[in-house]
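*Asks:* Got a structure here, written out as structure tokens. Questions coming.
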Amino acid sequence: MANNKLTIKKNSLKQDAYKKIYDLVTTNVIKPGDIINLADLEKHLKLSRAPIRDALIELCSENVFKSIPRYGYELIVLKQEDLIEMLNYRLILECGFLDKNWEKIVMCNPGVLDYLLGYTKNLTNTDAVSEWQNSTLFHIELFKLHGNAYALSSLEHAIKNLTRFFIQNYWKNWAEISNDTLNLYHENIIRAIKNDDKESALKYLSMDIGGFKR
């Protein structure tokens, strides 16, 4: 029993370190190409070294950081090729599931579908990161209606990497992006589902996902 408690505590500390380090990435504190080390993170995060090291090992396995022996950890730069691959994956995953489970989705309570639009209507156009994350929540919540936890986890992972790309490439020129860019087709998607218009729903979903590729 004591060993189980120690394991749970260790995992909790690691998860805390993971979140705090990833937050430094998504708030652009750690920038692409930056190299960090355990001592700096230990001081900045006010956490012990062991959970920080465990979190960095996991982040390296997810290709967020690259370990440089005796030097530190470098934040990996996501390239345009990575963006194309991630968007193509999302197109296949999200459109494929909507096509396959269409009858199930159109039977959803209209109130549930209207609720999804709340993520779009609450955008403020003042905080780039919040707007991007609210927009992606629309896609995550829509995908949850399929009831496939494994596929949902895969989508969430892809969106997390897209968030990194977003931060790396659009942080400094947010003025060029309006909230219409991020939610241009959300209402069209929901309207098509309510009208049992599968062709239009798939078209708008595809355009909404691919719209990030500018």
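*Asks:* Using modelled amide H (1.01 Å from N, peptide plane; none on Pro or chain starts), what sits under 5 Å from the amide H of Phe65, excluding residues fewer than 5 places away?
*Replies:* Cys60, Ile76
*Asks:* Now, a different point. Enumerate the calculated ³J(HN,Hα) couplings along region 33-48 in order (Karplus 6.51 cos²θ - 1.76 cosθ + 1.60, θ = phi - 60°), each rounded to whole Hz, writing x wherever the residue is Gly or Pro.
*Replies:* So the J values, rounded to whole Hz, are x, 5, 10, 10, 10, 4, 5, 5, 5, 4, 6, 6, 8, 6, 10, 6.
*Asks:* For region 11-169, build the charge dipole from Cβ charges (+1 Lys, Arg; -1 Asp, Glu) around the Cα centre, then report which of Trp102, His44, Cys60 sits farthest towards its positive end.
*Replies:* My answer, from the dipole projection, is His44.
*Asks:* Summing +1 for each Lys or Arg and -1 for each Asp or Glu, what net charge is found among the other residues whose Cβ lies under 12 Å from the Cβ of Ala151? If you can, show how the numbers build up before the last one.
*Replies:* Numbers: positive: Arg90, Lys100, Lys144; negative: Glu94, Glu156.
Residues close to Ala151 contribute a combined charge of +1.
*Asks:* Multiply the residue gap between Ile140 and His157 by 0.36 nm, knock off their C-alpha separation, and tell me the result in nm, one decimal place.
*Replies:* Stretched fully, the Ile140-His157 segment lengthens by 5.0 nm.
*Asks:* Determine ³J(HN,Hα), in whole Hz, for all residues of region 18-24 in sequence, where each value follows from phi through the Karplus function 6.51 cos²θ - 1.76 cosθ + 1.60 and θ = phi - 60°; x replaces Gly and Pro.
*Replies:* With the stated coefficients, region 18-24 comes to 4, 4, 5, 5, 5, 4, 5 Hz.
*Asks:* While we're here: Output ³J(HN,Hα) for region 64-80: one whole-Hz value per residue in order, computed from phi by the Karplus curve 6.51 cos²θ - 1.76 cosθ + 1.60 with θ = phi - 60°, and x for Gly and Pro.
*Replies:* 8, 10, 10, 6, 10, x, 6, 10, x, 10, 9, 6, 6, 7, 7, 9, 4
FYI, it's all coordinate maths here, none of it is from the lab. What you see is a predicted model; the values in this text were computed from it and never measured. Please note: Cβ atoms are built from the backbone with ideal geometry, for glycine as well, and neighbour counts cover all protein chains shown.
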